[in-house]
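The values are calculated or read from the model by the stated rules, or taken from the named source; none is laboratory data. In this text the structure is predicted, and so the values were computed from the model without any measurement. Glycine gets a Cβ as well: all are built from the backbone with ideal geometry, and neighbour counts include every protein chain shown.
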Amino acid sequence: MELQLKRPLAFFDIESTGLNITRDRIVELCIVKVHPGNKTETKTWLLNPGIPISKEAIEVHGITNEMVSDKPGFTQVAKEIDRFLVNCDLAGYNSNRFDIPMIVEELMRSGIDFEVENRRFIDVQNIFMKMEPRTLKAAYRFYLQKELENAHSAEADVMATFEVLKAQLDKYQGAEFEDSKGNKSKPVVNDMDALAKFSSHHKNADLAGQIIYNSEGKEVFQFGKHKGKTVEEVFRSEPSYYDWIQNADFPLYTKRLITRIKLRMATQR
């Protein structure tokens, strides 16, 4: 179905040095501007962020520090980007939470007061999630083709979860999955170790996911001002952060974990 547009709609996607909107920077920006009548224009900028690209980000998008070392900074192309987006509504995937705040931050940092009040923001991910809700009731309907009765009673929900897992094993037997790095596998198998690994977004160090393991097996904060830093480097540079966590409203398991890390650091001296 062709889009019914009264003014241009700019689809865009950002690759960045990381996921912190205020601290991280854009390394690649692509905009596809769809005009009324559905004629399209595409522009892509590869940018030098002026700060190191994190290893985790490079593993996702494949853009290295060397690849952008001779590219312009965002400020150098900010006016061109701003002109390209004049009178455009904005669209993307997860764009309301990340891409739009990130590009507006970069434009403001470049001295451009980007107008947002009169634009429409269309987030394709939000449409997907609202129309295909990830609830147990929706999963039961999708995998078993029947309605879940007595939803939210503990027994009905737990039995439904059991049935859904068995149905997933049937539906995805031999199905291929491709991760963000392009690696292909057939991970949904009747093996609890494999299912546990595949059903986790991160390898959590604590149960709440406040601290995860990075690719080197080191514990990394997933929250706050030190998000993305290893626990050890934070405790070395800011020892009082340990006391703050212990006195704040964190789960006991998380507090026990950071105590173990602190004791481990003490024995390594």
Answer yes or no: is there a residue in the stretch 92-112 that is within 22 Å of the chain's Cα centre (by Cα), in the same structural domain as Leu29 (by TED's automatic domain parsing) and of a type in the set (Lys, Arg). yes
Note: among Glu132, Glu155, just one is under 30 Å from Ser185 (Cβ atoms), of a type in the set (Asp, Glu) and either touching a residue at least 12 places away in the same chain (Cβ under 8 Å) or surrounded by fewer than 16 Cβ atoms within 10 Å (Cβ to Cβ) (or both), namely Glu132
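For every residue, the table says whether it meets (1) within 24 Å of Lys39 (Cβ to Cβ); (2) touching a residue at least 40 places away in the same chain (Cβ under 8 Å); (3) surrounded by 15 or more Cβ atoms within 10 Å (Cβ to Cβ).
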site: Pro72; (1), (2), (3): no, no, no
site: Leu85; (1), (2), (3): yes, yes, yes
site: Arg97; (1), (2), (3): no, no, no
site: Arg109; (1), (2), (3): no, no, no
site: Val124; (1), (2), (3): yes, no, no
From the list Asn118, Asn126, which one is under 21 Å from Gln4 (Cα atoms) and part of a helix (DSSP H, G or I)? Asn126
Return the residues of the stretch 55-91 that are at pLDDT below 95, in contact with an Asp or Glu (Cβ under 8 Å, 6 or more places away or on another chain) and of a type in the set (Gly, Ala, Ser); say none if nothing qualifies. Ala57
Scanning the stretch 18-46 residue by residue, the ones that are of a type in the set (Asp, Glu), out of contact with any Asp or Glu (no Cβ under 9 Å at 6 or more places or on another chain) and either surrounded by 13 or more Cβ atoms within 10 Å (Cβ to Cβ) or not assigned by TED's automatic domain parsing to the domain that holds Phe98 (or both) total 1
Test set (1) acidic (Asp, Glu); (2) more than 25 Å from Ile53 (Cβ to Cβ); (3) in the same structural domain as Trp45 (by TED's automatic domain parsing) - Glu149 fails condition number: (3)
Within the stretch 40-57, can one find any residue that is part of a helix (DSSP H, G or I), of a type in the set (A, V, I, L, M) and either out of contact with any Cys (no Cβ under 9 Å at 6 or more places or on another chain) or farther than 17 Å from Ile103 by Cβ (or both)? yes
Does the stretch 177-233 hold any residues that are on the phi > 0 side of the Ramachandran plot and either in contact (Cβ under 8 Å) with a residue 60 or more places away in the chain or in contact with a strand residue (DSSP E or B) (Cβ under 9 Å, 6 or more places away or on another chain) (or both), and which are they? Gly228
Return a yes/no flag: does the stretch 93-109 have any residue that is assigned to a strand (DSSP E or B) and closer than 30 Å to Thr161 by Cα. no
Go through the stretch 181-263 and tell me which helices (runs of 4 or more DSSP H), entirely inside it, have 3 or more residues that are surrounded by 15 or more Cβ atoms within 10 Å (Cβ to Cβ). 231-237, 240-247
Glu15 under 30 Å from Asn183 (Cα atoms), of a type outside the set (Lys, Arg), assigned to a helix (DSSP H, G or I) and outside the structural domain of Lys227 (by TED's automatic domain parsing): no
